[in-house]
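Asks: Handing you this structure, nothing more for now.
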Amino acid sequence: MNRAEYWILRCAVTYHAWLRDVAYKCGLSHDEVALAANCLFQNGDIQAKVFGDEKDIEGTPFAILTLAEIQAHLDGKLRASYELTPQGGTRWESAAHAEWNRYFLWFNNNKIVESELFEWELIGVDRQLIESLLIDSGYVYSDFPVPGTEVWEVLEPWQPTYWKILPLAYRVCYQAKESKSVNIGSETSPSWYQGYEQAQERYGAIKKWYTDPEFDDKESSSLINYTAANYDITSNEIALKKAEYFILKRVVERYGDYYDDFGGVSLDCHLSHNETLAAAKYLFQKGDILAKVYRNGILVSDVVMTVSEIQANLEGKFSAHYYLTPQGGERWEALASANWNQYYIYFCQDYRLDTIAQYECQITSVDRQFIEQLFSLHCYLSNDEISLPGTEVWDLVEPWSATYWKTLPRAYRIRFQATDNRFIKANVSSEWEEASQQAYQWFSEIQKWYTDPSFD
């Protein structure tokens, strides 16, 4: 088993996965993933579901993808997920030395019960391990168990994943209160912090129920590159324009974000690596984008990336974050017909969960009437917080940096106090539900402050 084969198996251990995600998250080239996936499909270790227009995805039969279909999927032209077969699962657990006695499932059923209690469920093979997790649960998830609410049950058999069945497991269902509703002392106190640190350390150790093997990094260099060596995407003008637009759109509002790399664009916008590479090269040359990169361990800004650096970034082997220049921003807003009168920024200060939450929120936009409408519907649009009447303060912002590359002459800003309302959904009237639906309908429309062009 090589590195690419292992990570393809590893990424689908508990849930179905996508080969494009594997390439991006695990620092593998599309060539490496395609060759390894082809071997795993042929060996019967994985199987795929191809997503077409079918509404019943569960009823879609499994398929063995060909090499051409794998490449089409990696290029964003074929929608398909994959799962492990029992044989593939066995192969993975052997390579990772999986210890199922240390595996557990822990989740919140998200059902609100009387007295603002939440229902939790914890399942595992080792009852002693489950009991220790239950003791530390308040420090791990900030919801503290209510003594006397635990209900234990033995599961025979237990299916921890879709491909694995174990003969026996223990399940405990319990109710819990969020930390600020429990008298546990201040998070700033030494005793609380010490308990938190110890619980986190124990939890981190328990979660390590398998070990990823080490692989020779030189191994991938020996793989045969089966793609066309001189593939020229520039011959497909429509594909190139589409790739250029989505590269620009990706960083309209974000700057320096972890996801602002070319691998993320390729993955999320269903572009092939070749399309993304050609478009990024063109945008750098035109001066529409620049990047931050690490060269010789030093972070360098305003860089025009080379073709080899772009390719390495696509394969997860070179760290880089790109961004628009003002020229690139102007190019995007012309293509997208941007309407800045419908653009706004919503911001809330952080607050501590162990105190009564009261904090400041802000809404900033060019159009004051637009802000007033947005503020009036705030209680419907933000289900976990409510604004406090009479705390509104208006400001005039001149000029306003709407984004890192766009400055507008003026804008209005409303600042107001809000408080946490985690349980607002517990008891709502039909009138509230109707008003909420109308608010969301309006909100979905005003979100469209630009229009993606058609590339058909």
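Asks: Enumerate the pairs (first residue in the range 191-219 and farther than 16 Å from residue 98 by Cα; second residue anywhere and modelled with pLDDT under 80 and hydrophobic (A, V, I, L, M, F, W, C)) with beta-carbon separation below 6 Å, excluding pairs fewer than 6 apart on the same chain, so at least 6 apart or on different chains.
Replies: 203/140
Asks: Shifting gears a bit: Check residue 247 against each of (1) at pLDDT 60 or above; (2) open to solvent by 30 Å² or more (accessible area, probe 1.4 Å); (3) within 30 Å of residue 310 (Cβ to Cβ); (4) touching a Ser or Thr at 6+ places or on another chain (Cβ under 9 Å) and name the one condition it does not meet.
Replies: (2)
Asks: Further question: Answer with yes or no whether residue 331 is surrounded by 15 or more Cβ atoms within 10 Å (Cβ to Cβ), of a type in the set (D, E, K, R) and within 24 Å of residue 30 (Cα to Cα). Show your work before the answer.
Replies: Working: surrounded by 15 or more Cβ atoms within 10 Å (Cβ to Cβ): yes; of a type in the set (D, E, K, R): yes; within 24 Å of residue 30 (Cα to Cα): no.
Judged against the criteria, residue 331 is not a match.
Asks: Next up: Of all residues in the range 310-328, which are at pLDDT 90 or above and open to solvent by 30 Å² or more (accessible area, probe 1.4 Å)?
Replies: Those that are at pLDDT 90 or above and open to solvent by 30 Å² or more (accessible area, probe 1.4 Å): 311, 321, 326, 327.
Asks: Within the range 311-410, considering only strands (runs of 3 or more DSSP E) that don't extend past its boundaries, which have at least 2 residues that are among the polar types (S, T, N, Q)? Even if it seems obvious, please write down each step before you answer.
Replies: On the way: elements: 320-324, 344-348, 358-365, 385-387, 393-397.
Per the criteria, 358-365.
Yes or no, residue by residue, for (1) part of a loop (DSSP other than H, G, I, E, B); (2) at pLDDT below 95; (3) on the phi > 0 side of the Ramachandran plot:
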{"position": "28", "(1), (2), (3)": "yes, yes, no"}
{"position": "36", "(1), (2), (3)": "no, no, no"}
{"position": "49", "(1), (2), (3)": "no, yes, no"}
{"position": "53", "(1), (2), (3)": "yes, yes, no"}
{"position": "57", "(1), (2), (3)": "yes, yes, no"}
{"position": "61", "(1), (2), (3)": "yes, yes, no"}
{"position": "70", "(1), (2), (3)": "no, no, no"}
{"position": "90", "(1), (2), (3)": "no, no, no"}
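Asks: Scanning for something polar (S, T, N, Q), open to solvent by 60 Å² or more (accessible area, probe 1.4 Å) and modelled with pLDDT under 95, does the range 254-272 turn up at least one residue?
Replies: Within the range 254-272, the subset polar (S, T, N, Q) is 266, 272.
From what's left, open to solvent by 60 Å² or more (accessible area, probe 1.4 Å): none.
No.
Matching residues to (1) hydrophobic (A, V, I, L, M, F, W, C); (2) out of contact with any helix residue (DSSP H, G or I) (no Cβ under 6 Å at 6 or more places or on another chain); (3) part of a loop (DSSP other than H, G, I, E, B); (4) open to solvent by less than 30 Å² (accessible area, probe 1.4 Å):
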residue	(1), (2), (3), (4)
24	no, no, no, no
33	yes, no, no, yes
39	yes, yes, no, no
65	yes, no, yes, yes
77	no, yes, yes, no
93	no, yes, no, no
105	yes, yes, no, no
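The values are calculated or read from the model by the stated rules, or taken from the named source; none is laboratory data. In this text the structure is predicted, and so the values were computed from the model without any measurement. Reconstructed Cβ throughout: ideal geometry from the backbone, glycine too, with neighbour counts over all protein chains shown. Just so you know, the surface numbers come from the protein's heavy atoms only, side chains and all, with ligands and any DNA or RNA stripped out. Shrake-Rupley method; radii C 1.70, N 1.55, O 1.52, S 1.80 Å.
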